[in-house]
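K.L.:
Right, I'll just put the structure down here and ask away after.
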Amino acid sequence: MKYGLNNCFSKALLWAVLSFIPLLSFSQTAEQITGKWKGAIEIPGTKLELSITLEQKDGAWSGAMDIPVQKVSNMELADLVITGDSISFTLPEVPGNAAFRGRFEDNTSWVRGMFSQMKQSFPMALQKESAAQKAAEEARLAQALAEIRHLADSLRLLQKVPGLGLGIIMDGEVLMAEGFGFASREEQIPIGAQTLFAIGSCSKAFTATGLAMLVEEGKLEWDKPVIGYMPDFKLKDEFATREMTTIDLLTHQSGLPRHDLMWYGSSFSREELYERLRYLEPNKSFRSAWQYQNLMYMTAGLLAERLSGQSWEELTRERIFQPLGMKNSCYSAREALPGVPVAYPYLKQDEEVKRIPYRDIPAVAPAGAIYSNVEDMLKWASFQLSKGEAGGQQLLKAETLAKLHQPHKVIEGGAPAKSPEISSRSYALGWFVYRYDGLDIVQHGGNIDGFSALVFLAPGQQIGIVALTNLNGTPLPAILAHSATDLLLGRDRIDWYSRAYGLGDNKEEEEKKEEPQPVANTVPSHPLKDYTGRYEHPAYGIMEVKLDGEALRLQYNAFELPLKHWHYDVFQGRIEEFGQDILFSFYSNKDGLADRLSAPLEPAIPEDISFTKLPPDLLADKGYIAKLTGAYDLNGLTVTVDWLGDKLMATVPGQPPYELQPYKENWFRLKGLNGYSAEFTLEKEKEKATQLKFHQPNGIFTAQRKE
């Protein structure tokens, strides 16, 4: 990896990488030199802060360097030589013959010298961290961790969060891997570092990492259109179809809003959802705006499958979980290894916390299906902070990992109004990135039924925080991550809790929003039975409306909800899992048939999602069709009705055959002829239809069955 000095000079000037040539005098001992040295390179107009650690083993010196602002950590010092009071080093990885020469001064408490690169030289000074300083820092850090523990549990209790798993890694050392509260409130099962939680959209970074590995293998190019790898890729926007790259998939630039109710609770497979993308309505032009989109991450997972020959689950387990030692991570609560505890999911509504069922999302797993625990996720955080290295193995090149953390798309309006310390956010590849009061932050949250999670990294400070909870939609992980960062670094603490919950604003209570009201004294235009049936949208699938006693009931995906008359042909249903009321509108055609149903399933689309009524299943039943086939007399002409292949056809002498398309009970439309239909008369005591009526704009023509 190449590094450069971050100053007004050429970018080729390298981020200082220090290798020492230690010189040891009789007055200096190895003990005096061994340890951590902190200081800076004096670049005109600024200081590049850094630290080095020196060690001696078997008479040989070694060293490593950290440059927080440049996210350089544990960089090995080359050509390290110490003799007398002199120290020098060279930097072979750095362009421009970067090197340092200096001397130990002030009773070996300072190293001062010149750092040179590309024929330029800059003063550099480092001070030895004393035992007292080290002890004081250790005591301060211990106090910070105690405060974090107290804060975590007190805020958890305050917000009625059943359980919390919290992990912290700093400078390569695990400082905390603990649990607070309960995996099950009812059974009082405690949370531990191995308790599994659903991490939701924190899974997206795993999908991006898997694709990055395929890029390094030469199987994928970031900027090559997806259609070049998946010729069947198709969106409604033809330009987006042609130009969408893997970077676009991973940075939410498709032009599509979320459309989450298309897949949420659905039985569609990953491939079926992928095939239905072409029917989804965009609300923005391609690459014009950032819009969070789970289905594009599902597509990214499918792309990884096509290129690797493995399922996304197999690829992630084999290429990431196993090398990192994430032995307990899986893709659903049912997959947990024997003896590994799983937190139960909880939902908070109107201050009441209740347990809800687990929800598996296998089809969109690349967007958010991973279950993991604090122990495993700290290994994931360490991998991110170690530039792609794990267990002595470079799983991902440092420059490739840097690309995953690099901002790719600015999020419009991404700066929190109540937090001026946080800059506008951007989206990287599976990560949100922003500046927090001078710190570069890389993080991603996850929310899925009954769980909220966060992976939070401050790479320049080598801090990684993992916060996992079993409560739906709680901001507690973000509150704790920012608060813990302040405490770990000894910064002034911000009251993130008050900001998150709007406390202490001293504002008058906002007026309650006026609730929509139905038009009074209206009734449906049809008997309720007429609204029943199956309604289909090419992407969203099927909604079924049934008669339940004297009321209607709607079934969609995993949701079943009663429909309450609102006004006219509009009915109200409530999805309890979301605490959301939805108005469903029925529409009738010119034949008086309620043949369409619409609902605002995607708020970002100006029009409701419209479902068309399907013909009754009976019209496709072979036994029923047999009752219709045969010969009919139409004023001396013989009309024949036959089942040919998979179509019902009517033939009139001298005319081409007409395909009869199912419409409603005993009715069929003539394909391609607007306003033309065929109605069969079936009498209970007869085995065959007795009449065939052709409905046309110029009249109704009746044909009698021929014996």
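K.L.:
Using Cα pairs closer than 8 Å and at least 6 residues apart in sequence, work out the relative contact order for the range 552-599, in percent. Each step should come with its number before you reach the end.
P.N.:
Values: 73 pairs, mean separation 10.5, N = 48.
Normalised by residue count, the contact order of the range 552-599 is 22 percent.
K.L.:
Pop out the ³J(HN,Hα) list for the range 315-323 in order, Karplus 6.51 cos²θ - 1.76 cosθ + 1.60 with θ = phi - 60°, rounded to Hz; leave Gly and Pro as x.
P.N.:
Ordered by residue, 3J(HN,Hα) equals 4, 5, 5, 6, 8, 10, 3, 5, x Hz.
K.L.:
Pop out the ³J(HN,Hα) list for the range 555-562 in order, Karplus 6.51 cos²θ - 1.76 cosθ + 1.60 with θ = phi - 60°, rounded to Hz; leave Gly and Pro as x.
P.N.:
Coupling constants for the range 555-562: 10, 9, 6, 8, 9, 10, 9, x Hz.
K.L.:
Next question. Please order Phe180, Phe456, Phe432 by the number of other Cβ within 10 Å, starting at the fewest.
P.N.:
On the way: Phe180 20, Phe456 25, Phe432 17.
Least crowded to most crowded, the residues run Phe432, Phe180, Phe456.
K.L.:
Please list, in chain and number order, the residues 5+ apart from Ala678 or on another chain whose amide H is under 5 Å from its amide H, with Hs placed from the backbone.
P.N.:
Phe668, Arg669, Leu670, His695
K.L.:
Take each uninterrupted DSSP H stretch in the chain, measure its Cα extent along the helix axis, and return the ones at 27 Å or beyond whose mean Kyte-Doolittle hydropathy is at least -1.0. Numbers along the way, then the final one.
P.N.:
Working: long enough: 131-158 (40 Å, 0.04).
Those that clear 27 Å and a mean of -1.0 are 131-158.
K.L.:
Place the peptides 444-451, 32-39, 521-528 in order of packing, highest mean first, counting for every residue the other Cβ atoms within 10 Å and averaging per peptide.
P.N.:
Taking the mean over residues of other Cβ atoms within 10 Å, the ranking is 444-451, 32-39, 521-528.
K.L.:
Using the Karplus curve 6.51 cos²θ - 1.76 cosθ + 1.60 with θ = phi - 60°, work out ³J(HN,Hα) for each residue of the range 667-679 in order, rounded to whole Hz, and write x for Gly and Pro.
P.N.:
Karplus-based 3J(HN,Hα) across the range 667-679 equals 10, 9, 8, 8, 4, x, 10, 6, x, 10, 8, 10, 10 Hz.
K.L.:
Another question, then. Taking K and R as +1 and D and E as -1, what net charge do the other residues with C-beta under 15 Å from the C-beta of Gln349 add up to?
P.N.:
Every neighbour counted, the sum reads -2.
K.L.:
In the chain, what is the volume of the convex hull around the alpha carbon atoms, normalised per residue and reported in Å³?
P.N.:
216
K.L.:
Could I ask something else about it? Order these by the 10 Å Cβ neighbour count, fewest first: Ser585, Ser452.
P.N.:
Ser585, Ser452
K.L.:
Tell me which lysines have Cα within less than 21 Å of Lys47's Cα, excluding those fewer than 8 residues away on the same chain?
P.N.:
Output for Lys47: Lys2, Lys11, Lys36, Lys38, Lys71, Lys119, Lys128.
K.L.:
Give me the net charge of Leu50's neighbourhood, meaning all other residues with Cβ under 9 Å from the Cβ of Leu50; Lys, Arg count +1, Asp, Glu -1.
P.N.:
With Lys, Arg at +1 and Asp, Glu at -1, the neighbours total -1.
K.L.:
For Leu563, enumerate residues with amide H under 5 Å from its amide H, sequence gap 5+ or separate chain, H modeled in the peptide plane.
P.N.:
Leu552, Arg553, Leu554
K.L.:
Continuing with this model, one more query. What are the residues whose amide H is under 5 Å from the amide H of Leu175, where those residues sit 5 or more places off or on another chain and H is modelled from the backbone?
P.N.:
It is Ile168, Ile169, Met170, by chain and number.
K.L.:
Assuming R0 = 60 Å, what is the FRET efficiency of Leu614 and Arg491, from their Cβ-Cβ distance, to the nearest 0.05?
P.N.:
So, using R0 = 60 Å, E works out to roughly 0.45.
K.L.:
To continue, here is another question. May I ask you to order 483-494, 206-217 by the average number of other C-beta atoms within 10 Å around their residues, highest value first?
P.N.:
206-217, 483-494
K.L.:
Next question. For Cα pairs less than 8 Å apart in space and 6+ apart in sequence, what is the mean separation divided by the residue count of the chain, i.e. the relative contact order in percent?
P.N.:
After rounding, I find 10 percent.
K.L.:
Using the count of nearby Cβ atoms within 10 Å as a rough guide to exposure, how do Trp431, Trp222 rank from fewest to most?
P.N.:
On the way: Trp431 24, Trp222 16.
Ascending Cβ contact count within 10 Å gives the list Trp222, Trp431.
K.L.:
Can you tally the net charge around Tyr371? Count Lys and Arg as +1, Asp and Glu as -1, for every other residue whose Cβ sits under 14 Å from the Cβ of Tyr371.
P.N.:
-2
K.L.:
Same structure, new question: Give the calculated FRET efficiency between Lys134 and Ser288 to the nearest 0.05, with a Förster radius of 45 Å applied to their Cβ-Cβ distance.
P.N.:
The computed FRET efficiency comes out at 0.25.
K.L.:
If you average the sequence gap of Cα pairs under 8 Å that are 6 or more apart and divide by the length of the range 152-501, what percent do you get for the contact order?
P.N.:
Details: 763 pairs, mean separation 81.4, N = 350.
Once divided by the residue count of the range 152-501, the mean separation gives 23 percent.
K.L.:
What lysines sit close enough to Lys219 to cross-link, taking a C-alpha to C-alpha distance under 23 Å and skipping anything fewer than 8 places away on the same chain?
P.N.:
Of all the lysines, those that pass the test against Lys219 - Cα under 23 Å, at least 8 places apart if same chain - are Lys204, Lys234, Lys387, Lys397, Lys403.
K.L.:
Follow-up. Give the separation of the Cα centroids, the range 143-157 to the range 601-674, in Å.
P.N.:
Measuring centre to centre over Cα atoms gives 68 Å.
K.L.:
Please give the FRET efficiency for Glu351 paired with Glu49, using the beta carbon to beta carbon distance and R0 = 45 Å, rounded to the nearest 0.05.
P.N.:
0.45
FYI, it's all coordinate maths here, none of it is from the lab. If you're wondering where the values come from, they're calculated on a predicted model, not measured in any experiment. No Cβ is skipped: glycine too gets one built from the backbone with ideal geometry, and neighbour counts run over all protein chains shown.
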